[in-house]
Amino acid sequence: MTEFFEGLDYEIAEEIEGLSRLAYQLRENRKAILDGYGVADEAALLECIRAGSATEHPGYEHYLAARILDGTRDAVRSALAERLKEVRT
């Protein structure tokens, strides 16, 4: 993994590492929320709430949180991909 950062300025390497860590944390936090309900995604959690197998509160708040975490992770991944493209070209 050290070779990945070879030749990069320290600040850029630090930025890339930070974005990677943030994407990982967002993914794991989303997963923890969904695992708490035994579902694979937000749509399944929403269906559990509709069916009554999960309480509306805090179920709906957890559903929203999972969606926000996933959207934020997508944005971070896009930013990371763009940054990597900039430094590798």
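Residues being of a type in the set (Lys, Arg) and in a loop (DSSP other than H, G, I, E, B): count how many of those fall in region 44-89.
Count: 0.
Quick one: which of 11, 47 is out of contact with any Phe, Trp or Tyr (no Cβ under 7 Å at 6 or more places or on another chain) and within 30 Å of residue 86 (Cα to Cα)?
11 is the lone residue from the list that is out of contact with any Phe, Trp or Tyr (no Cβ under 7 Å at 6 or more places or on another chain) and within 30 Å of residue 86 (Cα to Cα).
Within region 2-28, restricting attention to residues that are outside any helix (DSSP H, G or I) and on the phi < 0 side of the Ramachandran plot, which residue is modelled with the highest pLDDT?
Ranking the candidates gives 9 first.
Out of region 54-77, which residues are surrounded by fewer than 15 Cβ atoms within 10 Å (Cβ to Cβ), of a type in the set (D, E, K, R) and under 11 Å from residue 26 (Cα atoms)?
74 - this is the single residue of region 54-77 that is surrounded by fewer than 15 Cβ atoms within 10 Å (Cβ to Cβ), of a type in the set (D, E, K, R) and under 11 Å from residue 26 (Cα atoms).
Out of all the residues in region 32-89, which are of a type in the set (A, V, I, L, M, F, W, C) and at pLDDT below 95?
The answer is 84, 87.
Tally time: how many residues in region 1-29 are without any contact (Cβ under 8 Å) to a residue 40 or more places away in the chain and touching a Leu at 6+ places or on another chain (Cβ under 7 Å)?
0
Test of understanding: among 79, 66, 32, 40, which residue is in contact with a Leu (Cβ under 8 Å, 6 or more places away or on another chain), free of Cβ contacts under 8 Å to residues at least 12 places away in the same chain and on the phi < 0 side of the Ramachandran plot?
40
The values are calculated or read from the model by the stated rules, or taken from the named source; none is laboratory data. Not measured: the values here are computed from a predicted model. As a convention, Cβ positions derive from the backbone with ideal geometry for all residues, glycine included, and neighbour counts pool all protein chains shown.
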